[in-house]
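Q: Pasting a structure below so you can have a look.
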Amino acid sequence: MSREDPIKAEKDFSETLEEQIPLIEKTPDYKQAIEKYLVLEKQIRQSSDLASSKRILHKIVETLVHHDDWDYLDELITPLTKKHGQLKTSIQLMIQEIIKNLKSLDNDKPVQLEKKMKVIDTIRTVTDKKIFVEVERAVVSKMLAEIYLVKKNDLDKATEILCDLQVETYSLMPFEEKIEYILEQIRLTLQKKDFSQAKILSRKILLKTLKNFDKADEYKATYLKYLLEINKHENDYLMIVRNSLLLIEIPLVKTSAEYKDLLVSIIYYIILSPFDNLQSDLIHKIKANSAFSKNVDAKVFELLEIFTTNELIHSENIESDYRNAFFSKSSVFADNETNNTNLQNRIIEHNLRIINMYYLFIKLDRLAFLLQVSPQEAEEHVSGMVNKGMISAKINRPQGIIKFDNLKHGSTAGAAQITSNSENINDLLNNWIYDVDKLLEEVDSIGHLINKEEMMYGIKQNT
């Protein structure tokens, strides 16, 4: 059973090692040499000499690695880590030394690869639920996951191994390594198309913490790209825009080849976003941002003007002016039926808001003509926007008349036309959603801390 490092050794074996190690090294049979080292190791362990314990364990590992006897080393790992009175720092050093030498095994050679996987499995077993070697367990788990991913083509197993560890709770792991590890977890879950798990993992990283270290910009850019994948899967256009705006501010992204494509995609996604106060604020900020006017085709930039002007938009003109020249060349619209359908919906919604500004009453047939849809579709769109609180209107079906409630006029008409009751309800729901998300994050964090305390208590009871 392992124990804490003593303040002072009962006996100093440093001189004994200085005398014995050169003699043992001359032993013709390295296995006999190991047996002698093990005898010394027991004496040193019983005397609680930390410095000598570390040195003798290092010699054992070094000798076996030098003679390429990984099977014997694998056999010794478990007993050496479970010996009664074994010091924690000695165990940690021995495992670190083995991990360092694992890199000498070639993954391209099947025999060496199998040896490597066998030793890693043993290390994972002996380090399980041991806080003082949690970082070492994470390191070998990452190595094993990479083997399963690259050499075994087993994405599920690689993801299972890597995502099994809650590295954000590891007090001994440097912050930068934690971020790198979590990013790798997110990458594998996204590769597996498990977007729900990827979203959960993404909440373990806070953007505001990605600063003041060497790879901060690189990790921040990678993290935001992973968030964009999740947002695109959910068709959360506003979050796509917000994360993309953060992404284009990173110096390393500004100098990349994808910079201009990102700017174009931001324009496309902001016009795809459902209209509300936040969307209105973002589209005007993007319109005023000189980075877009300087780097984006003038015709594409004009879309911002079209969707912020209080005039009806003709979908046929949009199709003829943009479809072949621009939309078909962008991943936002090319082979994406959902985005193309939502573009038509945003055009209709924009036109309905404009009509709401200038009409108190309008015939359903006339409305359908202005919206360039059938009367039934026009009624459905009016009902949908009323339910969302985007406009206030009543439909008189027998007479085929729609009555609009013009609460306010002007450039902010669309956002202002939400009834006070609907606005309060939407604000309340948004607050609830935020509170629930925050609560779940806190519960998740508390759960990890409780698990860690239980593990520490269990270790203290066993030592």
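The values are calculated or read from the model by the stated rules, or taken from the named source; none is laboratory data. Computed from a predicted structure; not experimentally measured. Methodologically, a virtual Cβ is constructed for each residue, glycine included, from the backbone with ideal geometry; neighbour enumeration extends over all protein chains shown. With ligands, DNA and RNA removed, areas are computed over all heavy atoms of the protein, side chains included. Shrake-Rupley method; radii C 1.70, N 1.55, O 1.52, S 1.80 Å.
Q: What are the pairs, 6+ residues apart or on separate chains, where a residue within region 307-326 that is at negative phi has its Cβ under 8 Å from a residue that is among the aromatic types (Phe, Trp, Tyr)?
A: From residues that are at negative phi, the pairs are ILE313/PHE307.
Q: If you don't mind, another one. Looking at this structure, is SER90 of a type in the set (S, T, N, Q) and buried (at least 16 other Cβ atoms within 10 Å of the Cβ)?
A: In short, yes.
Q: Can you name every one of the helices (runs of 4 or more DSSP H) wholly within region 290-407 that holds 2 or more residues which are under 38 Å from the mean Cα position of the chain (by Cα) and not polar (S, T, N, Q)?
A: Those helices (runs of 4 or more DSSP H) span 290-295, 298-308, 315-322, 337-358, 375-387.
Q: Right, next: Of these, THR63, THR89, which one is in contact with a Phe, Trp or Tyr (Cβ under 7 Å, 6 or more places away or on another chain), in a helix (DSSP H, G or I) and in the same structural domain as LEU23 (by the TED database)?
A: The match here is THR63.
Q: How about region 170-193: which of its residues are over 16 Å from SER141 (Cα atoms) and crowded, with 17+ Cβ neighbours inside 10 Å?
A: Selection gives LEU190 alone.
Q: Could you grab the pairs with beta carbons closer than 8 Å, sequence gap of 6+ or different chains, first residue in region 271-290 and within 10 Å of LEU304 (Cβ to Cβ), second one open to solvent by less than 30 Å² (accessible area, probe 1.4 Å) and of a type in the set (Lys, Arg)?
A: Filtered contacts from region 271-290: ILE271/ARG346.
Q: When region 117-157 is examined, which residues are found to be in contact with a Lys or Arg (Cβ under 9 Å, 6 or more places away or on another chain), open to solvent by 60 Å² or more (accessible area, probe 1.4 Å) and free of Cβ contacts under 8 Å to residues at least 24 places away in the same chain?
A: ASP128, the sole residue that qualifies.
Q: Taking LYS204 and the conditions (1) open to solvent by 10 Å² or more (accessible area, probe 1.4 Å); (2) out of contact with any helix residue (DSSP H, G or I) (no Cβ under 6 Å at 6 or more places or on another chain), which numbered condition does it fall short on, given that it satisfies the others?
A: (2)
Q: Take ILE60 and tell me if it is buried (at least 18 other Cβ atoms within 10 Å of the Cβ), in contact with a helix residue (DSSP H, G or I) (Cβ under 7 Å, 6 or more places away or on another chain), on the phi < 0 side of the Ramachandran plot and free of Cβ contacts under 8 Å to residues at least 40 places away in the same chain.
A: Yes; evaluated as a whole, the condition is true for this residue.
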